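The values are calculated or read from the model by the stated rules, or taken from the named source; none is laboratory data. Note that this is a predicted model, so its numbers are computed, not measured. No Cβ is skipped: glycine too gets one built from the backbone with ideal geometry, and neighbour counts run over all protein chains shown.
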Amino acid sequence: MLIAVDIDEVLADFSRGLVEYYNKKHGLYLPGFHETMTEWWQAWGETRAEAVERVYEFVRSREIIELEPIPGSVAGIKELKALGHELIVVTGRPIESMDETWAWLEVYYPGAFRRAYSTDFHIISQDKDRENKGDICARRGVKLLIDDFYDYCREASERGVPSLLFTTPWNRHLQLPADISRVNSWPEIVERLKNF
Ligand SMILES: [Mg+2]
């Protein structure tokens with residue numbers, strides 16, 4: 001089965017890396033992401049555009065190569081491959097960061113992913129013709145998306161692709177429709193995919 005895997009918060013511990021980068025580089029205390037947020041940019045009490053700029057600066061720095069993998073993801077990806085699944089990654093990271101992104105993936109998950117797709121979601125002036133994650137999944141024959149962002153799972157649902165929502169503090173409170181299932185860890189993902 002062809003499975004699309006999101007990168008940030010599913011494979012890469014992005015939010016911790018971002019906060020550490022900011023606190024070190026700017027001597028500024030940015031709080032981490034927390035449970036009372038409904039949208040990630042609320043972590044810093046600022047507008048979406050301001051928060052997007054912070055994310056952009058971090059993503060463009062070469063420091064994204066230093067991110068730690070999410071616990072269990074290295075073994076989990078290996079197990080999905082061993083079960084015979086085909087894997088791609090779909091990320092909202094900017095296209096210009098994809099060389100470093102691919103290099104990072106090859107460090108922790110060598111040879112695991114067939115391709116990496118970017119939707120470049122941080123672009124503030126949205127191009128309506130741009131493919132979203134749901135379009136990418138549907139057009140490439142993806143049978144399942146694994147993502148931590150509910151809106152992307154919804155995009156996949158709209159294109160007939162079911163998904164697994166990886167639990168994070170900011171999606172824990174959401175009630176999910178039937179075609180989006182919650183998973184709390186990589187071992188749980190592997191258990192579910194043994195039955196496909
Ligand atoms: Mg993510």
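Among the candidates 90, 55, 59, the residue that is under 22 Å from residue 141 (Cα atoms), within 16 Å of the ligand (Cβ to nearest atom) and surrounded by 15 or more Cβ atoms within 10 Å (Cβ to Cβ) is uniquely 90.
Residues in the range 142-180 that are crowded, with 17+ Cβ neighbours inside 10 Å, polar (S, T, N, Q) and more than 13 Å from the ligand (Cβ to nearest atom): 1 in all. Among helices (runs of 4 or more DSSP H) entirely within the range 105-196, having at least 1 residues that are under 18 Å from the mean Cα position of the chain (by Cα) and under 24 Å from residue 42 (Cβ atoms) singles out 133-139, 150-158. Would you be able to say whether some residue in the range 107-124 is surrounded by fewer than 16 Cβ atoms within 10 Å (Cβ to Cβ) and among the polar types (S, T, N, Q)? Checked the range 107-124: no residue is surrounded by fewer than 16 Cβ atoms within 10 Å (Cβ to Cβ) and among the polar types (S, T, N, Q).
Of the residues that make up the range 80-91, is at least one in the same structural domain as residue 121 (by TED's automatic domain parsing), of a type in the set (A, V, I, L, M) and modelled with pLDDT under 95?
no
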